[in-house]
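I have placed the structure first, in the form of C-alpha cells, so that the comments after it can refer back to it.
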C-alpha cells in the first residue's frame, strides 16, 4: 500500500471508509453521498464516473482522483495546471492511448477492415473520444461498428450481434464496467473464437490477446502522494493534475497460440510485458 510507504497505518493514524459500486454505476451518487456525510478529510475516487459522482456530492471536501479521462471537459477541474476546484489527481489521456490501440491493431492485423468497438455509453468522457477514434480508423482503412453495453444483459446482446456480424477484430474500449466484467468478456470472446484487443491491461491478465493502457498501479501509487499532500495541509486547487508517464503494451502469447495469431517481430520487441 503506497500510503503505508508514506507513514500511514490503517487503525493507527489512518481510517479508511470504503464503498464499491460493484459494476452498478447508478449507485455511485448514493455511495458518494454516504461518504460525504462521514465528513472525511479526503475523498478518493477511481475512474471518471466515480470522480464525477464525488465532485457533484461535495464542493468543499478535497477529492483525489485517478484514471479520469477528461477532468477539464467534465468540469471536475477548471484547468490541469491549476484545478481551481476541490479536486485534483491524475488523468489517463484516454484519447491518446485509444488511438494507439487502433494503430497497433492495424499493425498486428494488416488485412483487417471491419472492427467492432464495444463501449459503455454511460462513460461520457470516453464517449467524447469516439469522433476522434472514427477519424483515426478512417486513416487506417478501418470501418468501425459501434456496439454499446452498460450491463451484463447488454453484453449477452452485444455478443449475439458479434456472432452474427463476425467482425475481423473486436476492440473493447476502456471502461470501469468492462473491467469489472473482464473474466466474462474474455470468456465470451474465446467461446466465439473472436479476435479481440483491449483498452486496459487487466484483460490480458485475464486471458485476453493484447492490450495497451496507462499503468493503473502507477496511478494509484501517485494518488497516494496527492492524498499525503492534502493531509499535510495542501489545497487541491493548487496541486496540478498529472498525466500518465507510463504506458504498457501487454501481449498474451498463450492466447495468441490458442487463437493462431502471430505477433509481428516489431510489436514483440516493443512489448512491455509478455504473458506466456
Do the conditions hold for residue 269, that is, is it closer than 30 Å to residue 166 by Cβ, without any contact (Cβ under 8 Å) to a residue 24 or more places away in the chain and more than 18 Å from the chain's Cα centre (by Cα)? no
Residue hits (segment 191-214; in contact (Cβ under 8 Å) with a residue 24 or more places away in the chain, surrounded by fewer than 22 Cβ atoms within 10 Å (Cβ to Cβ) and outside any loop (DSSP other than H, G, I, E, B)) are 205
Failed condition for residue 100, given (1) farther than 25 Å from residue 46 by Cα; (2) in contact with a strand residue (DSSP E or B) (Cβ under 8 Å, 6 or more places away or on another chain); (3) not in a strand (DSSP E or B): (1)
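A short reminder: the numbers here are calculations on the coordinates, not readings from a lab. Since we're looking at a predicted model, the values are computed, not measured. Note: ideal-geometry Cβ built from the backbone for every residue, glycine included; neighbour counts use all protein chains shown.
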